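Colleague: Structure provided below as structure tokens; questions to follow.
The values are calculated or read from the model by the stated rules, or taken from the named source; none is laboratory data. Just so you know, these numbers come straight off a predicted model, no measurement behind them. Note: ideal-geometry Cβ built from the backbone for every residue, glycine included; neighbour counts use all protein chains shown. Ligands, DNA and RNA are stripped out before the accessible areas are found, and what is left, the full protein with its side chains, is counted by its heavy atoms. Shrake-Rupley method; radii C 1.70, N 1.55, O 1.52, S 1.80 Å.
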Amino acid sequence: GTAQIGVTGLAVMGRNLARNFARNGFTVAIHNRSYAKTASLVDDHGDEGTFVPSESVADFVASLERPRKVVIMVKAGAPTDAVIDELVPYLEEGDIVVDAGNAHFPDTIRRENALREKGLHFVGSGVSGGEEGALLGPSIMPGGTAKSYESLGPILEKISATVDGVPCCTYVGPDGAGHFVKMVHNGIEYADMQLIAEAYDLLKQGLGASAAEIGQIFAEWNTGDLESFLIEITADVLQHVDAETGAAFVDIVLDQAEQKGTGRWTVQNGLDLGVPITGIAEATFARALSGSVPQRKAAVGTLQAHAEPWDVTDRDAFIEDVRLALYASKVVAYSQGFDQIAAASEQFGWNIDRGAMARIWRGGCIIRARFLNRITEAYERDAQLPLLLADEYFTGAVGNGVQAWRRIVAGAALHGVPTPAFSSSLAYYDGVRAERLPAALIQAQRDFFGAHTYRRTDRDGTFHTEWSLDRSEQPA
Ligand code: 6PG
């Protein structure tokens, strides 16, 4: 075989990845379950580079140079297993199978194990950036063996996005590490989107501003610390007018946010690891609330508000408060997400370099942002940083906005504007910085009703108080 890389699964993401490889000078073997898609890729884009189309899996595998590198881009779950099962009989020791879909990382760990036993490399790789990213340069998060990255890495780095000449692709860590990091990326994406939505709602309710006016505020924000893809597209979306009705587009979209599951996985894993990723969790639940149709029907017009409309007098000061609150809440969401990566890295022995993750998220992916440079720098200052929020840059950047953040969260509560992500992020901030938490009382209660024991602040050991007897304290 002569092809340097193969892609199987030629729906839009796979198709665009294959074209990206070809445009970067690689000879690309292509295959799809139905040949029509393979043929149309060659018909439509054959002039972009060298494609080697195959109808059968056997021919597809045979068209690749060794060690073979096959990228699978099909639906996560059973379809991925089906394609792996079809490929494996044709592969030989040392070949590399890359799953570039949004697989759940435990599946990736399982698949990596199974293929390793057959002498094959299985690389679960996060790929972010949507259709356009796949074609023009995504952010790529490959896991699997370090050995596989020696030959696969340079190819992936060539097709990834770059920022300041640095590829948005690096080896993440063994087995499921790549898909894990992609999962957390998506969780952070949920938090970012929810925070932006809350900022939009605050501006709408506080200023009585139109979607287009708010779009202009976001466009302005995109020239500063908040500069990011999601802020940029928000400005664009808010200024878009519905062709049919002439109304602001956002005002005619049904207000029920859906999800395909990566946010839910992130929250489930946060619970498993015991990491308080409250920003991501609130964002995920906010989508669930928006879709809770019977509950909303029962509540609208029924639940009492006892809240006055928000009548903002100093417009510019309010906009700046919302901006500062958004920035601070965003730092909390990232800080929590990076804590989750650290905890999983520890649990699974992945040895993930968090600064490098921030680096490869600077371009190509959905959460790409100027701000990620600051995160990379924070982990360069201290690779073991226990809390991103406590980095010297972020203590200052967030600290400057704390009063604004409090005004916004308090105002939202007073005026009845739901801001679950803003509010919970501030609660996290105040919780994590508290010298003393009421968790002491919870421990006391647990000991009272269940003899669950407690530790003391003044000496070592574990104790139980005989609550129903003489209330003496016993070492437990
Ligand atoms: C990306 C996106 C991509 C996809 C999300 C959407 O990084 O390119 O995250 O993976 O758009 O999965 O997720 P929901 O459908 O769950 O909102």
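Colleague: Report yes if GLU227 is closer than 24 Å to TYR334 by Cα, surrounded by fewer than 19 Cβ atoms within 10 Å (Cβ to Cβ) and either within 16 Å of the ligand (Cβ to nearest atom) or of a type in the set (Asp, Glu) (or both), otherwise no. Step through it out loud before you land on a result.
Modeller: Values: closer than 24 Å to TYR334 by Cα: yes; surrounded by fewer than 19 Cβ atoms within 10 Å (Cβ to Cβ): yes; either within 16 Å of the ligand (Cβ to nearest atom) or of a type in the set (Asp, Glu) (or both): yes.
Taking the combined requirement at face value, the residue satisfies it.
Colleague: Step by step: first the residues of region 322-373, then only those that are assigned to a loop (DSSP other than H, G, I, E, B) and among the hydrophobic types (A, V, I, L, M, F, W, C), then the one that is farthest from the ligand (Cβ to nearest atom). Which residue is that? If you could, list the steps in order and put the result at the bottom.
Modeller: Restricting attention to region 322-373, the residues satisfying the condition of being assigned to a loop (DSSP other than H, G, I, E, B) are 349-353, 361-368, 370-371.
Adding the requirement that they be among the hydrophobic types (A, V, I, L, M, F, W, C) leaves 350, 352, 361, 365-367, 371.
On the way: TRP350: 20, ILE352: 18, TRP361: 10, CYS365: 5, ILE366: 4, ILE367: 8, PHE371: 17 Å.
Among those that are assigned to a loop (DSSP other than H, G, I, E, B) and among the hydrophobic types (A, V, I, L, M, F, W, C), it is TRP350.
Colleague: Of all residues in region 155-191, which are in contact (Cβ under 8 Å) with a residue 24 or more places away in the chain and on the phi > 0 side of the Ramachandran plot? So that I can check it myself, show each step before the final result.
Modeller: Narrowing region 155-191 to residues in contact (Cβ under 8 Å) with a residue 24 or more places away in the chain: 155-156, 158-163, 166-191.
GLY173, ASP175, listed by residue number.
Colleague: Continuing with this model, one more query. Only helices (runs of 4 or more DSSP H) wholly contained in region 125-223 count here; list those with 1 or more residues that are touching a Cys at 6+ places or on another chain (Cβ under 6 Å) and open to solvent by 40 Å² or more (accessible area, probe 1.4 Å). Let's see the steps before the verdict.
Modeller: Numbers: elements: 130-136, 146-159, 177-207, 211-221.
Of the helices (runs of 4 or more DSSP H) lying wholly inside region 125-223, those with at least 1 residues that are touching a Cys at 6+ places or on another chain (Cβ under 6 Å) and open to solvent by 40 Å² or more (accessible area, probe 1.4 Å) span 146-159.
Colleague: Determine which single condition PHE448 fails, assuming it passes every other condition in (1) of a type outside the set (S, T, N, Q); (2) in a helix (DSSP H, G or I); (3) open to solvent by 20 Å² or more (accessible area, probe 1.4 Å); (4) within 29 Å of MET357 (Cβ to Cβ).
Modeller: Failed condition: (4).
Colleague: From the list GLY263, GLY279, GLY270, exactly one residue is within 14 Å of the ligand (Cβ to nearest atom), open to solvent by less than 80 Å² (accessible area, probe 1.4 Å) and touching a residue at least 24 places away in the same chain (Cβ under 8 Å). Which is it? Even if it seems obvious, please write down each step before you answer.
Modeller: Details: GLY279 fails: within 14 Å of the ligand (Cβ to nearest atom); GLY270 fails: within 14 Å of the ligand (Cβ to nearest atom).
Among GLY263, GLY279, GLY270, only GLY263 is within 14 Å of the ligand (Cβ to nearest atom), open to solvent by less than 80 Å² (accessible area, probe 1.4 Å) and touching a residue at least 24 places away in the same chain (Cβ under 8 Å).
Colleague: Residues PHE122, PHE105: which one is within 16 Å of the ligand (Cβ to nearest atom), open to solvent by less than 40 Å² (accessible area, probe 1.4 Å) and aromatic (Phe, Trp, Tyr)?
Modeller: Details: PHE122 fails: within 16 Å of the ligand (Cβ to nearest atom).
Selected residue: PHE105, the only one of PHE122, PHE105 that is within 16 Å of the ligand (Cβ to nearest atom), open to solvent by less than 40 Å² (accessible area, probe 1.4 Å) and aromatic (Phe, Trp, Tyr).
Colleague: So which pairs qualify, if the first residue must be in region 240-258 and part of a loop (DSSP other than H, G, I, E, B) and within 16 Å of the ligand (Cβ to nearest atom), the second must be charged (D, E, K, R) and open to solvent by less than 90 Å² (accessible area, probe 1.4 Å), the Cβ gap must be under 6 Å, and the two must be at least 6 apart or on different chains?
Modeller: ALA257/ARG287
Colleague: From (1) within 24 Å of GLY1 (Cβ to Cβ); (2) part of a helix (DSSP H, G or I); (3) open to solvent by 10 Å² or more (accessible area, probe 1.4 Å), pick out the condition that doesn't hold for GLU92.
Modeller: (2)
One line per residue, one yes/no per condition, for (1) surrounded by 12 or more Cβ atoms within 10 Å (Cβ to Cβ); (2) basic (Lys, Arg); (3) out of contact with any Pro (no Cβ under 8 Å at 6 or more places or on another chain):
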position	(1), (2), (3)
LEU372	yes, no, yes
PRO386	no, no, yes
VAL402	yes, no, yes
GLY411	yes, no, yes
PHE422	yes, no, yes
GLU435	no, no, yes
PHE463	yes, no, no
